[in-house]
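Only one structure is covered here, and it is reproduced in the block below.
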Amino acid sequence: QVLAFRDIAPQAPTHILIIPKVKDGLAGLSKAEERHCEILGRLLYAAKLIAKQEDLDNGFRIVINDGPDGCQSVYHLHIHLLGGRQMNWPPG
């Protein structure tokens, strides 16, 4: 149901994109409807499994960019899994 691959312009030592295999109207998180609840949960669970495979035991960050102000550049919902270094806060 999901596909994961390494980002071509990584922002951390580990930077993996996780996308649903079927777009089903999910151009971004703001387009989600109740019928998307299962795939949204599947994306987050996949992120957890991938983080474990990548040995991100000390933690990781999940990012979903949405819309122009959220710096979304690809209009197919996707999750960024970032790790392998200390993440700063605030992220902006």
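The values are calculated or read from the model by the stated rules, or taken from the named source; none is laboratory data. None of the values given here were measured: they were computed from a predicted structure. Because the Cβ atoms are built from the backbone with ideal geometry, glycine has one as well, and the counts that use them run over all protein chains shown. Surface accessibility is based on the protein's heavy atoms, side chains included, excluding ligands, DNA and RNA. Shrake-Rupley method; radii C 1.70, N 1.55, O 1.52, S 1.80 Å.
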inquiry  = Debye calculation, C-alpha points only, no solvent: report log10 I(q)/I(0) for the chain at q = 0.17, 0.25 Å⁻¹, in the same order as the q values.
reply    = -0.73, -1.39
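Roll a 1.4 Å probe over the protein chains and send me the accessible area per residue for the chain in Å².
On the way: 6150 Å² over 92 residues.
Accessible area per residue: 67 Å².
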task = Can you send over the carbon and sulfur percentage of the accessible area for the chain, probe radius 1.4 Å, protein chains only?
result = 54 percent
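Note down the magnitude of the dipole of the chain about its Cα centre, charges +1 on Lys and Arg C-beta and -1 on Asp and Glu C-beta and zero elsewhere, to the nearest 20 debye. Write down the numbers at each step before the final one.
Numbers: 10 positive and 10 negative charges, 32 e Å.
Magnitude of the dipole: close to 160 debye.
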remark   = Given Cβ charges of +1 for Lys and Arg and -1 for Asp and Glu, the option among GLN53, ALA27, HIS80 whose Cα lies farthest towards the positive end of the dipole of the chain is GLN53
inquiry  = Can you tell me the orientation of helix 37-53 relative to the chain, as the angle in degrees between its alpha-carbon axis and the longest Cα principal axis, to the nearest 10?
reply    = 20 degrees
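Given the -39500 (n - 2.57) contribution per DSSP H run of 4+ residues, what per-residue ellipticity at 222 nm results for the chain, rounded to the nearest 500 deg cm²/dmol? Intermediate results must be reported in sequence, preceding the final value.
On the way: 1 runs with 17 residues, N = 92.
Value at 222 nm, helices only, nearest 500: -6000 deg cm²/dmol.
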